[in-house]
Amino acid sequence: MNERIFLSAPHMGGQEIKFINQAFDENWIAPLGPNVNGFEKDLQDYNKVSNASVLSSGTAAIHLALILLGIKRDDVVLASSFTFSATVNPIVYQQANPVLIDSEDETWNMDPNLLEKAIKEYIQKGKKPKAIIFVHLYGMPGKIEEVRALADQYEIPIIEDAAEALGASLKGKALGTFGDFGVFSFNGNKIITTSGGGALVSENKEWIDKSRFLATQARDAAPHYQHSEIGYNYRMSNIAAGIGRGQMLVLDQWVEKRRANHEFYRNELGNLGLSFLNEPENSFSNRWLTCVLFDESIKRTTEELRQYLEGFNIETRPLWKPMHLQPVFKKYDAYTSGVSEKLFKTGLCLPSSSSLSKDQKQLIVEKIKQFLK
Ligand SMILES: *Cc1c(COP(=O)(O)O)cnc(C)c1O
């Protein structure tokens, strides 16, 4: 049997260990140090954003953004429904109410028309939404300019969840820099990894300074431990940040490899009843994951394909199950169109690692072609 082919595996470039060794040599084994500062600088420079704080996870970054925006009990926060649960969980940590917004079918991300409908209706009810969490799924730029315009018109801040979208851009501007806050994740399966970690970015220096303060237990300036606010232990360790600095050196190469995986699948499988998410003009996707949709001509299900490929030690996964269909979020309001539900039912994400070899890719398409015969 061949070695297991993962959906999205960590991929080290080689320099990571040097930054880690440096941390050991200087005994910076702590949630602060030169790698933390260096990784923040790298993220700022790469994304052309003025401020970044690196944290223990992308989820922590979203949570801190909500806290900095003053989100509290019973507030309404509008969020993309077609996403990973980590987008929505922090809203509930704050005891606020998520209102879930379905996708459009061009980029699979939040539909600005449904968003505007929700904003208007909630304003009418006297519950003006306090924030919008907008996700760029699978690294594909969503309609963030339209959403930015609505957010400005109605004066609602945006938290831009670019957890899957580092390296992607719209009209040359990095995703994560359109919102009032941007969020990145460096979990093990993301385009680059620090084993686990995240970042919060913003043009607002006060917010990012405050995020560092809250992420280190909100210690007041005093020789003893004094606290006037509730704090969190959300800072990234200097070891993890060392991995991040090494990964930043290969980020653009890894994006190119993921994009090449996508092109390969598209060329090999494009005429067999499978369709792919197109990259709109002016958009640059990092193609974090390549997902295929089955059209009606295929009489078998995506779950059958998943199990078939599993038999060859090839890992695939359904698209995200929308949050409005999740048992834990069912009780919350949602503005739906059926788009994300259909994507969930007809889609499958293929192995997309930047480390996939040519032979592995050949094997995957060979097996998919056999299945479709
Ligand atoms: C991975 C992910 C997150 C959370 O990031 P973690 O670092 O795993 O906490 C948030 N949103 C989306 C869309 C993600 O894919």
Report the label-to-label distance for residue 253 and residue 299 in nanometres (one decimal), using points 7 Å from each Cα along the Cα→Cβ vector. 4.8
Could you tell me how many cubic angstrom of Cα convex hull volume the range 229-373 has per residue? 211
Provide the net charge surrounding residue 334, with neighbours chosen by a C-beta distance below 13 Å and charges set as Lys +1, Arg +1, Asp -1, Glu -1. -2
Point-charge dipole on Cβ atoms (K/R +1, D/E -1) for the chain, about Cα centre, debye to 20: 580
Just how large is the dipole of the range 251-372 about the Cα centre, in debye to the nearest 20, putting +1 at every Lys and Arg Cβ and -1 at every Asp and Glu Cβ? 280
Gain in length, residue 217 to residue 1, computed as 0.36 nm per residue apart minus the alpha-carbon separation, to one decimal in nm? 72.8 nm
Just the C-alpha atoms of the range 51-177: what Rg/Rh do they give, with Rh taken as the Kirkwood radius? 0.93
Contour minus Cα-Cα span, residue 278 to residue 326, at 0.36 nm per residue, comes to 14.5 nm
Using 0.36 nm times the number of residues separating residue 359 and residue 155, minus their current alpha carbon distance, what extension gain do you get? 68.3 nm
Expected max-MSF residue from 45, 111, 75 in the GNM of the chain (alpha carbon, under 10 Å) is 45
Can you list the GluC sites (Glu not before Pro) in the range 98-193 that are in a DSSP coil and have 13 or fewer other beta carbons within 10 angstrom? 155
Carbon-plus-sulfur fraction of the accessible area of the chain, 1.4 Å probe, in percent? 50
In order over the range 39-55: 3J(HN,Hα) from phi, Karplus 6.51/-1.76/1.60, θ = phi - 60°, whole Hz, x for each Gly or Pro, gives 5, 4, 4, 4, 5, 4, 5, 5, 8, 6, 10, 6, 9, 9, 10, 9, 9
Treating only the Cβ of Lys, Arg, Asp and Glu as charged (+1, +1, -1, -1), what charge dipole size does the range 65-130 show about its Cα centre? Round to the nearest 20 debye. 540
Placing +1 on each Lys and Arg Cβ and -1 on each Asp and Glu Cβ in the range 251-372, then taking the dipole about the Cα centre, the residue among 357, 271, 338 whose Cα reaches farthest towards the positive end is 338
Give 257/321; 127/331; 48/171; 130/173 a once-over and call out the pairs whose C-alpha atoms are over 21 Å from each other. 257/321; 130/173
Could you work out the Kirkwood radius for the chain, taking every pair of different alpha carbons, averaging 1/r and inverting it, reported in Å? 21.3
For the range 102-193, the Rg and Dmax computed from alpha carbons only, in angstrom: 13.5, 43
So, counting K/R as plus one and D/E as minus one, what does the shell of residues with Cβ under 12 Å around residue 122 add up to? +2
Tell me the per residue accessible area of the chain using a 1.4 Å probe; a whole number in Å² is fine. 43
Local charge sum around residue 288 (other residues, Cβ-Cβ under 12 Å, Lys/Arg +1, Asp/Glu -1)? +4
Among 237, 131, 169, which residue has its Cα positioned farthest towards the positive end of the charge dipole of the range 16-248, with +1 placed on the Cβ of Lys and Arg, -1 on the Cβ of Asp and Glu, and the dipole taken about the Cα centre? 237
Rounded to the nearest 500 deg cm²/dmol, what is the calculated helix-only ellipticity per residue at 222 nm for the chain, with -39500 (n - 2.57) per DSSP H run of length n ≥ 4? -11000 deg cm²/dmol
What whole-number distance in Å separates the alpha-carbon centres of the range 186-232 and the range 65-117? 22
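The values are calculated or read from the model by the stated rules, or taken from the named source; none is laboratory data. Fair warning: this is a prediction, and the values are worked out from it, not measured in the lab. All Cβ positions, glycine included, derive from the backbone under ideal geometry; neighbour counts span all protein chains shown. These area figures cover heavy atoms from the full protein model, side chains too; ligands, DNA and RNA do not enter into them. Shrake-Rupley method; radii C 1.70, N 1.55, O 1.52, S 1.80 Å.
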